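Laboratory data are not the source of any read-out in this text; all were calculated from the coordinates shown. Note that the coordinates shown come from a computational prediction; the quantities given were computed from them, not determined experimentally. Ideal geometry is used to build each Cβ from the backbone, glycine not excepted, and the neighbour counts take in all protein chains shown.
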Amino acid sequence: MRSAIVALVGVLMLAGCLVANDPTPSVLDCGVEDQQIETNPNREGRLCLLTAFQEGRAARFESRMTSIEGDPIVRRYLVVSATEVQIEHDASRDRFGGAIEVLRCQRIVPVADWNRVMNDEMRDEEVFVEDSCDVISSRQAG
C-alpha cells in the first residue's frame, strides 16, 4: 500500500512538472482596435501590450486601420519577450501597398519617453512607439 502511495505521489509530481514546463506559454490577448481616420486608438489595449512588453509577458494586439484611399491595413503585434516585439503589417488589400511584412522590433517605448528623448509630438493616445525595428520577411499579396 505504501509503495502504491509513493508511486502515485511521484506520478503526480512528474505531471505537475510537465504542466509547469509547458513550452507553449499562454499569450495575453490585449484586444483589437479599429482605428479609422479621426478616431482614437484603443488605449486600454495598447497599454496592455506595453505593460506586457515591459514585464516580458507574451501578448498580442491587433490594429485595424484604413489607408487614405480607404483600403484596409492590419497590424498584428506579438510580444515575444522583454527585448522583442514582432509586427505583421498586412497591406495586402491596399491598392498601393500590396505587401505583407513582418518586422522584429527591439522595443516599444512609451509615447511620453519617446517625445522627451526625440523632441517629438506623438499623441498620448498612441500609448507606445515602435523602436529599433527591422523587416525580417516580406511577401507580395496574391
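Cβ crowding within 10 Å, taken as a proxy for footprinting-reagent exposure, orders 39, 51 from fewest neighbours to most as 39, 51. Sorted into 10 angstrom bins from 0, the C-alpha pair distances of the stretch 95-142 split as 24, 34, 30, 11, 0 percent. Counting beta carbons within 10 Å around each of 60, 107 and listing the fewest first gives the order 107, 60. Taking only the Cα atoms of the stretch 26-140, the radius of gyration and Dmax are 13.9, 38 Å.
So which GluC sites (Glu not before Pro) in the stretch 29-134 end up in coil per DSSP with only 13 or fewer other C-beta atoms within 10 Å?
Within the stretch 29-134, the qualifying GluC sites (Glu not before Pro) (loop, at most 13 other Cβ atoms within 10 Å) are 38, 69, 121.
In this simple spin-label model, placing a label point 7 Å from the Cα along the Cα-to-Cβ direction at both residue 26 and residue 138 gives a separation of 3.8 nm. Each principal axis of the stretch 66-131 carries a Cα extent, and these read 36, 27, 16 Å when sorted largest first. Solvent-free Debye calculation, one equal scatterer per alpha-carbon of the stretch 47-86: log10 I(q)/I(0) at 0.20, 0.31, 0.32, 0.34 Å⁻¹ equals -0.58, -0.93, -0.97, -1.05.
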